[in-house]
1. Mind running the shape call on the stretch 1-137? Use the C-alpha gyration tensor, a ≥ b ≥ c as the square roots of the eigenvalues: rounded below 1.5 for a/c, prolate if a/b tops b/c, oblate otherwise.
2. Which of rounded, prolate or oblate describes the stretch 69-114 when judged by the alpha-carbon gyration tensor and an a/c cut-off of 1.5?
3. Give me the lysines in straight-line cross-link reach of residue 96: C-alpha distance below 29 Å, same-chain residues under 8 apart excluded.
4. Quick one: among 176, 200, 142, which has the greatest mean-square fluctuation in a GNM of the chain with alpha-carbon springs under 10 angstrom?
5. Using the Karplus curve 6.51 cos²θ - 1.76 cosθ + 1.60 with θ = phi - 60°, what ³J(HN,Hα) values do you get for each residue of the stretch 33-50, in whole Hz, with x for Gly and Pro?
6. When the helices in the chain are scored as -39500 (n - 2.57) per DSSP H run of 4 or longer and the sum is shared across all residues, what 222 nm value do you end up with, to the nearest 500 deg cm²/dmol?
7. Taking all pairs of distinct Cα atoms, average 1/r, flip it, and tell me the Kirkwood hydrodynamic radius of the chain in Å to one decimal place.
8. To the nearest 20 Debye, how big is the dipole of the stretch 139-207 about its Cα centre, given +1 on the beta carbon of each Lys and Arg and -1 on that of each Asp and Glu?
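None of the figures in this text is laboratory data; all of them are computed from the coordinates on show. Computed from a predicted model, the values in this text were never measured in an experiment. We place every Cβ from the backbone using ideal geometry, glycine too, and count neighbours over all the protein chains shown.
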Amino acid sequence: MKGRSVALIIYFVFLLLPIYWLVNMSLKTNQEILSGLTLFPREPTLANFQTILTDPSWYMGYVNSLIYVVMNTVISLSVALPAAYAFSRFRFIGDKHVFFWLLTNRMAPPAVFLLPFFQLYQALGLFDTHIAVALAHCLFNVPLAVWILEGFMSGVPKEIDETAYIDGYSFPRFFVRIFLPLIKAGIGVTAFFCFMFSWVELLLARTLTATNAKPIASTMTRTVSAAGMDWGLLAAAGVLTIVPGALVIWFVRNYMAKGFALGRV
């Protein structure tokens, strides 16, 4: 038992070490970072965070990323919920083939769809907009959302649907008032995966934007200049990039625990 505890401690230290080192670097100047290896900042400074939070070219990267990530999560859930309900409750010609086809879109790398999206959005005037990135990410998030939600919905007895109709519930009222609360754990898990994929995805977000909707991951490349790499600023940006994902995990943690136990995930 003692050996297992030691192994767990070593494992968690190994996992948390990169995060600690990122925070450690974010509180240092470039001179201290390049001068040698130190476990703690000799002269802690918040100048790197101050630069990010006061420079519009920096903090707007976070704003842009949050805008299209939230848009994508809402759109993906809005589309996936009725689609998953149809797959879980009805049988129709080619249903299994359509379901498999949705998953094949998720299997393809984003680079495959990069050129079609770029040309399409250029022609429609959607290039460098938040909705462009949000819709592009839907190609990957909607199949995943349908797959996860269908597993949760299939676990809800069909007799609940029939009882609600007998009691006079219309389908929209039944779906919102009765059915969705029963699968809220699945919705939480699905929202988490949609948010995280859209938040960390770089290739599509960087290619489909230029200035107005430029994400933070693309903005971080500004730390490279003729004078070298601004390590402290890059580390501070990395720390702030972790925060939204950590907050999402915190708010859906209860749903995720139940979701991983009962759903497809």
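1. oblate
2. Oblate, since a/c reaches 1.5 and b/c is not below a/b.
3. Correct list for residue 96: 158, 184, 258.
4. Of 176, 200, 142, the Gaussian network model singles out 176 as fluctuating most.
5. Those phi angles translate into 4, 7, 7, x, 8, 9, 6, 9, x, 6, 10, x, 9, 9, 4, 5, 5, 5 Hz.
6. After summing the helix terms and dividing by residue count, I get -23500 deg cm²/dmol.
7. Result for the chain, one decimal place: 21.3 Å.
8. 260 debye
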